[in-house]
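S.K.: Dropping a structure here in C-alpha cells format, bear with me for questions.
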Amino acid sequence: MTFRIATEIGPRLKTDRPRRPRRPRELRARLEDADHLRLIRALPCLISGHTPAGQAAHIRYANAQFGKAITGIGVKPDDKWTVPLCAWEHTESSGAQHRFGEETWWIERGIDPLQVASNLYACSLALRAMRTDEGTIIQALTHIIQNARAARPSVESEDPR
C-alpha cells in the first residue's frame, strides 16, 4: 500500500484490462436441427423401448473421442448429441438421467449414448439429404436403437408401467 501512495500508482481497475476479442457468432452458436429432434422423439426409448419415446435427451458430458465439447450450466449441447428417452427415464423417475451424474447413469445402463447419438445423426442427416420419406428414416433410426438395446447387458428398468 505504501508503494502505491509513494509512487502514486493507483489500484488496477477491471476497465483497465485489455478486452479479449469475442468469437464470431457463427462459432459460438450451437447446432440446432429441429427436423432431427422431431425424428428422435418418434423413435423408441433407448432404455425402456416404449414407442414413441417422446423426448430428445441431450447428452451433456464431454468426450474427446467424439469431439464433443464441454457444455456449461445453462448451455444446451448441439442437437446432434441427442438420443430418444421416454419421460420416465429422462426426467420423471427417481433414477432419471438428469437426477444423477449423467456419464455414470449411462455406464450403469451399459449404453454409450455418444456412439448412439453419433450414429443416429449421421443416418438422419444422410437420409434427409437424399430426400428419403420420413417413414423410411424412422425405420432406419429405429434399427440403430434396437441394435444398441440388444448389445447392452440386460438391466431392468425402474418404469412402473
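Coordinate-derived values only; no laboratory data. What you are looking at is a predicted structure, and each value in this text was computed from that prediction instead of being measured. FYI the Cβ positions are ideal-geometry reconstructions off the backbone, even for glycines, and counts take in every protein chain you see.
S.K.: Using a Förster radius of 25 Å, what is the FRET efficiency between His143 and Lys76 based on their Cβ-Cβ separation? Nearest 0.05, please.
M.R.: Working from the Cβ atoms, E equals 0.40.
S.K.: Regarding the stretch 30-151, what's the average projected area of the Cα-atom convex hull, expressed in nm²?
M.R.: 7.2
S.K.: Any idea how far apart Ala129 and Arg152 come out in nm if each label point goes 7 Å out from Cα toward Cβ?
M.R.: Here the answer is 2.9 nm between the modelled labels.
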